[in-house]
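All remarks here apply to the structure that follows.
Any read-out appearing in this document is the output of simple, stated calculations on the displayed coordinates, not a laboratory observation. Everything quoted here is computed from the prediction, not taken from an experiment. A quick note on method: Cβ atoms are made from the backbone with ideal geometry, for glycine too, and the neighbour counts reach across all protein chains shown.
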Amino acid sequence: MPLTLYHSVESTCSQKVRFVMSEKKLDWQQNNINLRKGEQFNPDYLKLNPKAVVPTLVHNERVIRESTVVIEYLDDVYPEPPLKPAEPYQRALMRLLLKAFDEEVHPSVGILSYAIVLRHQMNSLKSPEQMQEHFKQIVDPMRRQRQQSTHDEGLKAAAASQAVTTLSKVVALLAEIKGSNRWLCGSGFSLADATAAPYMMRIKNIGLGVLWDEKPEVGAWLEAVIDRVNSYTLDDAWGSESFHAMVSGYVQKSEQEIQELIRGRL
Ligand SMILES: N[C@@H](CCC(=O)N[C@@H](CS)C(=O)NCC(=O)O)C(=O)O
């Protein structure tokens, strides 16, 4: 089997790779990495991905890391159907969105998911000492610092309100680029749609869909992309049912704090 994806069903950057593989109807083998159990820190996995993050693609024994690099690679190796607009300006806009999702949305969604949901899950799975061990293993010092402060302060961490501001700016950019297009970068579904979909779905699921209340075209695009993803033959396309149940439980508990955070930032 030439394609193996090391991934987690709940991880947004793994989901975007699975969506691209589904668009191209590829056969692939999976290796599920349980992030909450810390399997990303296993020495064998660290050899594939020294940053201890998913996803990682292995194709014909070659290792490809970074989800955006992975989806560009898949589109190069399997060009049908093409997932990059043919027109250079639309292609540049697509790359602008990929960059915004990597550099701005990914850390912001990480902070907010962690503050609203994952820190409670981690606390239920690990003792304070085990949490300290977990933080020590995070390879990137910025990521470690971000996760630790959000763990301690939740939505009160300065990073959380900054994340909401960042997300509302990217939502405005997404709406502007989409304009009256059918998909984000023209009439064809592209890498930008596959990338934005899991993050926008996560933002909605953690109670922040209000960020596009005044941009109905963004809500309509998300509905269309959800229909498309739901038509793939992909198990747990958006993550497992138990994960969603857990997310909505914690979102309900934080509802008031989420409202206050949004009121303070918008
Ligand atoms: N820039 C990387 C980011 C990868 C990343 O942050 N992955 C998250 C899941 S979406 C992860 O593995 N987190 C592990 C952890 O939190 O310890 C990419 O796009 O591949």
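Observations
- Rg(Cα) / (2.2 N^0.38 Å) computed for the chain, rounded to two decimals: 0.99
- √(5λ) per eigenvalue of the Cα gyration tensor, segment 139-266, largest first, Å: 26, 19, 15
- Over the chain: helical MRE at 222 nm, DSSP H runs n ≥ 4 each giving -39500 (n - 2.57), nearest 500: -18000 deg cm²/dmol
- For segment 10-24, the Karplus equation 6.51 cos²θ - 1.76 cosθ + 1.60, evaluated at θ = phi - 60°, returns couplings of 8, 7, 4, 6, 6, 4, 5, 5, 5, 5, 5, 5, 6, 4, 8 Hz by residue, with Gly and Pro reported as x.
- Under the Karplus curve 6.51 cos²θ - 1.76 cosθ + 1.60, θ = phi - 60°, whole-Hz ³J(HN,Hα) for segment 134-149, x wherever Gly or Pro sits: 4, 4, 4, 7, 5, 6, 7, x, 5, 4, 4, 5, 4, 5, 5, 5
- Among Arg228, Arg119, Arg91, the residue with the largest mean-square fluctuation in a Gaussian network model of the chain, with springs joining Cα atoms closer than 10 Å, is Arg228.
- The charge dipole of the chain, taken about the Cα centre with unit charges on the Cβ atoms of Lys, Arg (+1) and Asp, Glu (-1), comes to about 420 debye, rounded to the nearest 20.
- DSSP-assigned coil residues among chymotrypsin sites (Phe, Trp or Tyr not before Pro) in segment 80-174, each with at most 10 further Cβ atoms within 10 Å: none
- When you filter the GluC sites (Glu not before Pro) in segment 178-266 for DSSP loop state and at most 15 other Cβ atoms inside 10 Å of their Cβ, you are left with Glu214.
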